[in-house]
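The structure appears below as structure tokens.
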Amino acid sequence: MIGIEAIGSYIPESRIDNLLLMDKFDVDEEFLKLKTGMLSLSVKSESEETSDMCVSAFNNLQSKTEISMDDIDCILVCTQNPDEQGLPHTSAVVHDKLNLPSTCAAFDVSLGCSGYVYSLSIIQSFMQVNGFKKGLLFTADPYSKIVNKEDKNTSLLFGDAATVTLLGEQPKWVAGKFSFGSQGSERQAITVKEDTHSLEMNGRSVFSFTATVIPNHINTMLEQNNLSLEDIDLFALHQGSRFIVDTLRKRLGVSEDKVPFVASEYGNTVSSSIPLILEDIKDDVNKVVISGFGVGLSWASTVLFRREKRELL
Amino acid sequence: MKVNHEDILEVLNDSGVAADLTGITNGASLSDAGVDSLDMSNFFLCLEEKFDIKIPDEDIDLLDSLDSIASYLQKI
């Protein structure tokens, strides 16, 4: 059975201090701490490309677990801010920079905040259908490429980061049934404008969508997995903002300790936010809901089971 | 729609707004009283759910006091 064996990450050291932007955007420290939740934002260097961030995440993974490059059957890069214009695909650049074998399949997935959950399902299925044994799922969506520094709605929120998830036949985590959703008619809620090439977000629209759609979606997904909210040890929700995570927690009726908010020092890292939570998960956590939602509008969720525990079920 | 200031204030308080609204007058600006943009978004969502309505984005800027919101809802 294919599942998650290990996770590596890369968060650039350079930071934007949001406390220094309070006057500029007419917000106070309480708003940053309790509402957006982002006190500082990680930001890549100008010369650093999306593929470089993937390589740095991979270097971190290699420091944790032994990986033979020749064993990697496929790589997937989830991004909407690829190297240069996205042609060739960033996974081809990563393939080259990691010196992976020519037998290794490489492809990109274009999704935002729902991208990790979608990509996990995609690469897992791709590996199982093709009999692959080792795969790498990268997330790297550096919004510093598209954020307008004068835009209050977005410039206090997004940070840069990359992660890589090693999938294989000796997993620590295996996924249950996935559930997906789309609302393409609302796609303009988060978009890059053609004329300015900068990110625009209708915060109210994104908030209303998330608060109304995602709790029902998670409950339905749990029913499909024959589980209830009480069975779940941790909810690794996309870290859009502290306010949205708190709102979802309240609407789900789940205690605060089960719904972490961990992004205050680096920001909303889009498809990297969920694997960044999973990377540091405690040993006593056995069932985790992962749920991503945003750009598209698009959403996806599943439950991860700690392998040795699920075998006992 | 039949709705009064007390109904709206109840929705506002139930929405979990962080600002202290004790003694707020019907004509006072909610943003001046400390209700931030995120709490306003949540408040409008709660109003939509409570009264089964949709408040378009273009109307939002007009709705910054209990008076203006009551007047708006009474016209629906």
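The values are calculated or read from the model by the stated rules, or taken from the named source; none is laboratory data. Everything quoted here is computed from the prediction, not taken from an experiment. Here the Cβ positions follow ideal geometry from the backbone for every residue, glycine too, while neighbour counts run over all protein chains shown.
Observations
- Region A:213-224: number of residues that are in contact (Cβ under 8 Å) with a residue 40 or more places away in the chain and either surrounded by fewer than 20 Cβ atoms within 10 Å (Cβ to Cβ) or under 15 Å from A:Leu157 (Cβ atoms) (or both): 4
- Top-ranked residue of region A:13-43 - restricted to ones that are surrounded by 15 or more Cβ atoms within 10 Å (Cβ to Cβ) and assigned to a loop (DSSP other than H, G, I, E, B), ranked as nearest to the other protein chains (Cβ to nearest Cβ): A:Val27
- Flag if A:Thr210 is in contact (Cβ under 8 Å) with a residue 60 or more places away in the chain and surrounded by 15 or more Cβ atoms within 10 Å (Cβ to Cβ): yes
- The residues of region A:101-121 that are buried (at least 18 other Cβ atoms within 10 Å of the Cβ) and within 26 Å of A:Gly267 (Cβ to Cβ), listed by number, are A:Asp108, A:Val109, A:Leu111, A:Gly112, A:Cys113, A:Ser114, A:Gly115, A:Tyr116, A:Val117, A:Tyr118, A:Ser119, A:Leu120.
- Within region B:44-62, residues that are on the phi < 0 side of the Ramachandran plot and among the acidic types (Asp, Glu) sit with their Cβ atoms under 8 Å from residues that are modelled with pLDDT of 90 or more and outside any helix (DSSP H, G or I), at 6+ positions apart or across chains, in these pairs: B:Glu48/B:Lys54; B:Glu48/B:Ile55; B:Asp57/A:Asn202.
- Residue within region A:125-134 that is of a type in the set (Ser, Thr, Tyr) and within 17 Å of the chain's Cα centre (by Cα) present: no
- Selected residue [in contact with a strand residue (DSSP E or B) (Cβ under 8 Å, 6 or more places away or on another chain), buried (at least 21 other Cβ atoms within 10 Å of the Cβ) and under 30 Å from A:Val43 (Cβ atoms)] from A:Val164, A:Val192: A:Val164
- Considering residues of region B:33-67 that are farther than 19 Å from A:Glu30 by Cα and among the β-branched types (Val, Ile, Thr) only, the residue nearest to the other protein chains (Cβ to nearest Cβ): B:Ile60
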